Amino acid sequence: MTERIEWGKFSIYHYDETDLEREPDLEFPFVPGSKFRAANIGIDEPAVQINLEDFYKGTDIPWTLSHDEVHYVISGECEIEYHLPPLMIETGKVIAKAGSTYYMPRGCRVVWRTLSDEPFRHLCICFGNPGYPIPIVRSKQTQ
């Protein structure tokens, strides 16, 4: 059986610091009492979904990735504990802050612990597209 290639479209996003201001706070799955907010930057193609996210100080956010992710930190500071597949024996902790970029391979288990009082804001670049059901940023909606 031949696999059909799904082609994406070119897209560009210019960061607007107000894009998350009116987005509602959400609770992270399986983490009662947590809160975060997110919006898609308008790049939602077969191979990639790119989201803008805020994580807040107070509740650790654990997650296991079913896809590869690259994050670019815009503001705030966060400690990230990671455990790498296949056996989760290789582990470590890093501090990510504005200007940091980090990669998490699929299968990686992470725990984000926001250290700053301001939100830990980052671009979350997901390969392939996991289909997270979040709204498009407001600056893209008005174009």
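The values are calculated or read from the model by the stated rules, or taken from the named source; none is laboratory data. Given the structure is predicted, the values throughout are model-derived calculations rather than measurements. FYI the Cβ positions are ideal-geometry reconstructions off the backbone, even for glycines, and counts take in every protein chain you see.
The condition (being buried (at least 16 other Cβ atoms within 10 Å of the Cβ) and either at pLDDT below 95 or not polar (S, T, N, Q) (or both)) is satisfied by just one residue among Asp60, Asp44: Asp44. Just one of the listed residues (Phe36, Phe30) is at pLDDT below 95, of a type outside the set (Ser, Thr, Tyr) and touching a strand residue (DSSP E or B) at 6+ places or on another chain (Cβ under 9 Å), and it is Phe30. Every condition in (1) assigned to a loop (DSSP other than H, G, I, E, B); (2) of a type outside the set (S, T, N, Q); (3) more than 19 Å from Ser66 (Cβ to Cβ) holds for Ile134 except the one numbered (3).
Only one of the listed residues (Leu123, Leu26) is loosely packed, with under 15 Cβ neighbours inside 10 Å and either under 29 Å from Gly8 (Cα atoms) or over 12 Å from the mean Cα position of the chain (by Cα) (or both). That residue is Leu26. Scanning region 46-59 for residues that are in contact with a His (Cβ under 9 Å, 6 or more places away or on another chain) and among the hydrophobic types (A, V, I, L, M, F, W, C) turns up at least one hit.
Every condition in (1) of a type in the set (D, E, K, R); (2) out of contact with any Gly (no Cβ under 7 Å at 6 or more places or on another chain); (3) surrounded by 13 or more Cβ atoms within 10 Å (Cβ to Cβ); (4) touching a residue at least 40 places away in the same chain (Cβ under 8 Å) holds for Asp117 except the one numbered (3).
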